Amino acid sequence: MQIPIFQIDTFTDKVLSGNPAAVCPLPSWLEDDVMQAIAAENNLSETAFFTELSGTFELRWFTPNVEVGLCGHATLAAGEVVLTEIKPDSNSVKFETKSGTLTVSRMDDQFKMDFPVRPLENIVAPTDLIKGLGIKPVKVLAGDDYVAIYNTPQEVLDLNPDLSLLSKLGRRGVVVTAPDTVKDFDYVLRFFAPKNAVPEDPVTGNVQTELVPYWSGELGKKRLSVRQLSARGGVMICEDLGSRISIKGKCVRYFEGEITL
């Protein structure tokens, strides 16, 4: 059995940067353990699998060790594959997922996603979170992830977290973020999810569902330009749409080929 595979660098305009995602179009769903094994073999933060059944696209995402309920950059990558390879005359595609219907649209040389908002709440920060980060944040919020707020991008950049401590925490991962000081950008972030085999994610779309409503309120603006301060780096443009947000970025292909099973 041969399965097409594409590796897309997302939220960047050049290869070897941004966040790489593998995308595998399938004629029908494979067994879960087979998809998990393929994701482990790919050893990327996410591998996306999609099928088209009766005109409807269904999409799932796997890290090297677990299936997840939402992934931004792999959704962007899957949209690029559909709108380039399968539906080149279409300007958008809808994916049915565990997080509901997600839309990817072509916008000139970029792709835009439409995601539901994930609310945050004020909490008392767990001791392991503060110890694991090493630099105390000014505020900690929580939703799907712990979100640690800092004053400056340099504090976010200087973090060298203890991933063994962060992996003990109960939520999906830890976002660290601060208002940006670079012209034309609004906030920065990093994202750590060691319990899901993602020590530090290069660029993270799905956490914008938590960050965009927060920073939109703090900064008093709906359209936000974002930098992720990972080693590979990446940028995106987000917009607060109320109960949903949009996330826009570029994609470039690193390779395409076939998996033989």
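FYI, it's all coordinate maths here, none of it is from the lab. Note that this is a predicted model, so its numbers are computed, not measured. Positions of Cβ are generated from backbone atoms using ideal geometry, with glycine treated the same way; all protein chains shown enter the neighbour counts.
Using the alpha-carbon positions of the range 14-159, Rg (one decimal) and Dmax (whole number) come out as 18.0, 53 Å.
Note on the range 103-178: Rg/Rh from C-alpha atoms, Kirkwood Rh, equals 1.08.
Quick check on my link table: of LYS183/LYS222; LYS87/LYS112; LYS112/LYS222; LYS112/LYS136; LYS14/LYS136; LYS94/LYS183, which ones sit more than 26 Å apart, alpha carbon to alpha carbon? Pairs exceeding the cut-off: LYS112/LYS136; LYS14/LYS136; LYS94/LYS183. Give me the percent relative contact order of the range 121-242, please, defined on Cα pairs under 8 angstrom at least 6 residues apart. Worked out over the range 121-242, it gives 19 percent. Scanning residues 5 or more positions from ILE5 or on other chains, those with amide H under 5 Å from its amide H are GLY257, GLU258, ILE259, with H placed 1.01 Å from N in the peptide plane. Placing dummy labels 7 Å off each Cα toward the beta-carbon, the span from TRP29 to ASP128 is 3.2 nm.
About the Cα centre, and with charges only on the beta carbon of Lys, Arg (+1) and Asp, Glu (-1), how big is the dipole of the chain? Nearest 20 debye, please.
Dipole size: approximately 740 debye.
Basic side chains Lys and Arg get +1 at the Cβ, acidic Asp and Glu get -1 at the Cβ, and with that the dipole of the range 121-242 about its Cα centre reaches some 100 debye.
Once C-alpha pairs closer than 8 Å and six or more residues apart are averaged by separation and normalised to the residue number of the chain, the relative contact order reads 23 percent. With 10 Å bins beginning at zero, the pair-distance distribution over Cα atoms of the chain amounts to 7, 32, 37, 19, 5, 0 %. Normalised by residue number, the volume inside the convex hull of the Cα atoms of the range 121-242 is 97 Å³ per residue.
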